[in-house]
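**Student:** Dropping the structure in here first, questions after.
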Amino acid sequence: MKQEVEIQAIIKKPAEAEKKLKKAGRFAAERKQIDKYFAPPYRDFFAPNPPVEYLRIRKEKGKNHLNYSFLHFDKKDKNFLWATDEYEVLIDKPEIVEKIFKKLGLIHKITVIKTRKYFDCGDFEVTVDKVNGLGNFMEIEAKKILGTVKRTKKACLDFLKNLNIEYEIKEDMGYPKMLYWKL
């Protein structure tokens with residue numbers, strides 16, 4: 001299990017953001033990802049608002065994953081995400097895992113399709129995402145916990161602010177949730 005601390009922002013000018021990220025670090029890769037989210041029929045992960053867990057199959061050229069995520073929200077502000085526990089394993093044949101899920105009765109809830117550009121920026125992995133049906137986003141993820149989760153979250157936000165780009169952070173973020181509730 002890996003604990004992930006990140007922030008997500010809507011960005012208006014992705015080309016400008018990428019230019020500034022290249023100055024803050026280096027471009028690493030660009031990948032297309034297809035994420036399919038599932039839930040068991042007896043426990044709909046999308047019923048709580050916000051969802052606190054996800055089960056996902058990610059199809060990505062040469063690097064497919066099965067992922068279960070459990071999200072930790074602030075006790076007072078249920079829309080403020082502190083960290084995510086991620087359980088992830090590489091899989092060779094995502095289509096077989098999907099067939100197993102269907103045989104077990106799991107329900108396909110939503111598919112997120114995105115083009116993701118990765119940037120290595122020291123303590124942070126930063127992505128610029130173009131998400132079908134949603135728009136352009138940036139995610140800033142700490143590569144490790146910087147003392148405490150609270151301090152790490154602040155460092156992610158400080159990094160974003162220091163880029164000096166136009167961005168917006170909303171409470172109800174997360175691609176699967178945003179697409180699901182858009183339906």
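The values are calculated or read from the model by the stated rules, or taken from the named source; none is laboratory data. Remember, it's a predicted structure, so these values are computed and weren't measured experimentally. Reconstructed Cβ throughout: ideal geometry from the backbone, glycine too, with neighbour counts over all protein chains shown. SASA here: full protein model, heavy atoms, side chains in, ligands and nucleic acids out. Shrake-Rupley method; radii C 1.70, N 1.55, O 1.52, S 1.80 Å.
**Student:** At 1.4 Å probe size, what's the solvent-accessible area of Arg43? Round to the nearest 10 Å².
**Tutor:** Here the residue's solvent-accessible area equals roughly 110 Å².
**Student:** Just reorder Val131, Val52 by solvent-accessible area, largest first, 1.4 Å probe, all chains present.
**Tutor:** Details: Val131 5, Val52 50 Å².
Of Val131, Val52, the descending order of accessible area is Val52, Val131.
**Student:** Any chance you could get the radius of gyration and Dmax over the Cα atoms of the stretch 38-93, in Å?
**Tutor:** Expressed in Å, the Cα Rg and Dmax of the stretch 38-93 come to 13.2, 41.
**Student:** Continuing with the same structure: In sequence order, what are the phi-derived ³J(HN,Hα) couplings for the stretch 90-103 according to the Karplus relation 6.51 cos²θ - 1.76 cosθ + 1.60 with θ = phi - 60°, rounded to whole Hz, with x for glycine and proline?
**Tutor:** Calculated HN-Hα couplings, in order: 6, 10, 7, 10, x, 5, 6, 4, 4, 5, 4, 4, 5, 4 Hz.
**Student:** Same structure, new question: Classify the stretch 1-90: rounded, prolate or oblate, from the alpha-carbon gyration tensor (a ≥ b ≥ c, eigenvalue square roots; a/c under 1.5 rounded; otherwise prolate if a/b is larger than b/c)? Write down the numbers at each step before the final one.
**Tutor:** Details: a/c = 2.15, a/b = 1.38, b/c = 1.56.
Judged from the Cα gyration tensor, the stretch 1-90 comes out oblate (a/c at least 1.5, b/c at or above a/b).
**Student:** Can you give the helix-only mean residue ellipticity at 222 nm for the chain, where every DSSP H stretch with n ≥ 4 adds -39500 (n - 2.57) and the sum goes over all residues, rounded to the nearest 500 deg cm²/dmol? Walk me through the intermediate numbers first.
**Tutor:** Values: 4 runs with 44 residues, N = 183.
Rounded to the nearest 500, the figure is -7500 deg cm²/dmol.
**Student:** Go from 0 up to the bin containing the longest alpha carbon distance in the stretch 111-183, width 10 Å each, and give me the % of pairs per bin.
**Tutor:** In whole percents, the pair-distance histogram is 17, 46, 31, 5.
**Student:** Let me ask another. With every protein chain kept in place and ligands, DNA and RNA left out, what is the accessible area per residue of the chain? Probe 1.4 Å, answer in Å².
**Tutor:** Solvent-accessible surface per residue comes out at 56 Å².
**Student:** Roughly to the nearest percent, how much of the accessible area of the chain is carbon and sulfur, given a 1.4 Å probe?
**Tutor:** Working: 5530 of 10330 Å².
Heavy-atom surface of the chain belonging to carbon and sulfur, 1.4 Å probe: 54 percent.
**Student:** Between Ile96 and Asp74, what is the label-to-label distance in nm when each label sits 7 Å out along the Cα-to-Cβ direction?
**Tutor:** 4.5 nm
**Student:** Now a separate question. Taking the Cα centre of the chain as origin, work out the dipole magnitude from +1 charges on Lys and Arg Cβ and -1 charges on Asp and Glu Cβ, in debye rounded to 20. Spell out each step's value before the answer.
**Tutor:** Values: 39 positive and 28 negative charges, 64 e Å.
Rounded to the nearest 20 debye, it is 300 debye.
**Student:** If you build a Gaussian network model of the chain, linking Cα atoms that sit under 10 Å apart, which residue out of Pro48, Pro14, Pro94 swings the most?
**Tutor:** Pro48
**Student:** Can you run phi through the Karplus equation (6.51, -1.76, 1.60; θ = phi - 60°) for the stretch 38-43 and list ³J(HN,Hα) in whole Hz, with x for Gly and Pro?
**Tutor:** Working through the residues one at a time gives 10, 8, x, x, 8, 8 Hz.
**Student:** In Å, what Rg and Dmax follow from the Cα atoms of the chain?
**Tutor:** 16.4, 49
**Student:** Spelling out what I want: for every residue of the stretch 66-74, take phi, set θ = phi - 60°, compute 6.51 cos²θ - 1.76 cosθ + 1.60 (Karplus), and round to whole Hz; glycine and proline get x.
**Tutor:** 10, 9, 10, 10, 10, 9, 10, 9, 4
**Student:** Just round it to a whole percent: the fraction of Cα-Cα distances in the stretch 67-125 exceeding 14 Å.
**Tutor:** Values: 1314 of 1711 pairs.
Across the stretch 67-125, Cα pairs with separations above 14 Å total 77 percent.
**Student:** For the stretch 14-52 and the stretch 81-148, what is the separation of their Cα centres, given in Å?
**Tutor:** About 5 Å separates the Cα centre of the stretch 14-52 from the one of the stretch 81-148.
**Student:** Also, I was wondering about something else. Could you check which residue among Lys22, Lys36, Lys75 shows the biggest mean-square fluctuation in a GNM of the chain with a 10 Å Cα cutoff?
**Tutor:** Greatest mean-square fluctuation among the candidates belongs to Lys75.
**Student:** Using amide H atoms built 1.01 Å from N in the peptide plane, name the residues 5+ places from Ala83, or on other chains, whose amide H lies under 5 Å from its own.
**Tutor:** Residues meeting the amide H criterion: His72.
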